[in-house]
Amino acid sequence: MIQNEVLSAIAARRSCRAYQPEQIKPEELDAVLQAGTWAPTGMNRQSPVIVAVQDKETRDRLSAINAAIMGSNGDPFYGAPTVLVVLADRSVHTHVEDGSLVLGDLLLAASSIGLGSCWIHRAKETFETEEGKEMLRKWGLDPDKYVGVGNCILGYPAPGGVKAATPRKADYVVKA
């Protein structure tokens with residue numbers, strides 16, 4: 001089987017669900033954000049926008065909205081100090097796919113430099129709330145234009161925060 005640095009990074013990536021409290025370094029954040037900007041997008045329209053949230057108050061408010069949507073009062077961000085909100089221009093027909101590819105690049109980049117990361121859903125619902133729309137306006141984004149695709153949480157993994165890979169299912173690939 002062919003193996004290289006990229007394929008190894010893909011195979012090594014895992015979701016992290018427990019984080020240390022300290023904030024990631026600026027150069028780590030910049031590296032992950034840069035990777036997200038290189039994700040492919042439909043017809044290179046670059047419909048996504050990434051909002052980097054490191055302010056604890058904003059991060060905690062996003063967490064609370066996200067938790068309320070799923071009927072919980074826990075922290076759906078698992079204590080991660082950084083949240084990268086991926087939004088996309090709803091007028092572009094590939095906006096969900098574009099944003100999803102950005103999220104994939106963010107997750108891989110984070111893993112490749114030793115950060116823990118996890119895709120957290122409910123961004124769409126978060127930014128459909130009045131409070132979410134107000135956040136978008138505060139960030140200079142039109143709530144009628146942008147829709148939430150997902151959140152990428154980042155931080156340093158806490159002990160036990162990353163589990164071993166489960167085996168891939170036998171019928172994952174069908175060669176036709």
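Conditions tested, residue by residue: (1) surrounded by 21 or more Cβ atoms within 10 Å (Cβ to Cβ); (2) under 23 Å from Trp139 (Cα atoms).
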position	(1), (2)
Ala11	no, no
Gln20	no, no
Lys25	no, yes
Val85	yes, yes
Exercise. Do we find that Asn44 is under 26 Å from Ser91 (Cβ atoms), surrounded by fewer than 16 Cβ atoms within 10 Å (Cβ to Cβ) and either modelled with pLDDT of 95 or more or in contact with a Ser or Thr (Cβ under 6 Å, 6 or more places away or on another chain) (or both) in this structure?
Worked result: yes
Seminar exercise, completed: Of those in region 147-170 that are out of contact with any Lys or Arg (no Cβ under 7 Å at 6 or more places or on another chain) and more than 21 Å from Ala80 (Cα to Cα), the residue surrounded by the most Cβ atoms within 10 Å (Cβ to Cβ) is Arg168
Problem set entry | Odd one out for Asn66, checked against (1) under 30 Å from Lys25 (Cβ atoms); (2) of a type in the set (S, T, N, Q); (3) loosely packed, with under 13 Cβ neighbours inside 10 Å | (3)
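In contact with a strand residue (DSSP E or B) (Cβ under 6 Å, 6 or more places away or on another chain) and closer than 21 Å to Leu29 by Cα: is that true of Leu101 in this structure?
Details: in contact with a strand residue (DSSP E or B) (Cβ under 6 Å, 6 or more places away or on another chain): no; closer than 21 Å to Leu29 by Cα: yes.
For Leu101, the condition - in contact with a strand residue (DSSP E or B) (Cβ under 6 Å, 6 or more places away or on another chain) and closer than 21 Å to Leu29 by Cα - is not met.
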Problem set entry | Residues that are surrounded by fewer than 20 Cβ atoms within 10 Å (Cβ to Cβ), of a type outside the set (A, V, I, L, M) and over 25 Å from Glu57 (Cα atoms), drawn from region 106-144 | Ser112, Gly114
Exercise. Do we have Ser91 as in contact with a strand residue (DSSP E or B) (Cβ under 9 Å, 6 or more places away or on another chain) and among the hydroxyl-bearing types (Ser, Thr, Tyr) here?
Worked result: no
Seminar exercise, completed: Checked region 108-155 for anything closer than 16 Å to Val53 by Cβ and aliphatic (A, V, I, L, M); matches are Ala110, Leu115, Ile120, Ala123, Met135, Leu136, Leu141, Val149, Ile153, Leu154
Problem set entry | Test: residue in region 77-84 that is touching a residue at least 24 places away in the same chain (Cβ under 8 Å), of a type in the set (Phe, Trp, Tyr) and at positive phi | yes
For this session: Within region 9-38, track down each residue that is in a strand (DSSP E or B) and of a type in the set (A, V, I, L, M, F, W, C).
Result: Cys16
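The values are calculated or read from the model by the stated rules, or taken from the named source; none is laboratory data. Since the model is a prediction, treat every value here as computed from it, not as a measurement. For neighbour counting, all protein chains shown are included, and Cβ atoms are generated from backbone atoms with ideal geometry for every residue, glycine included.
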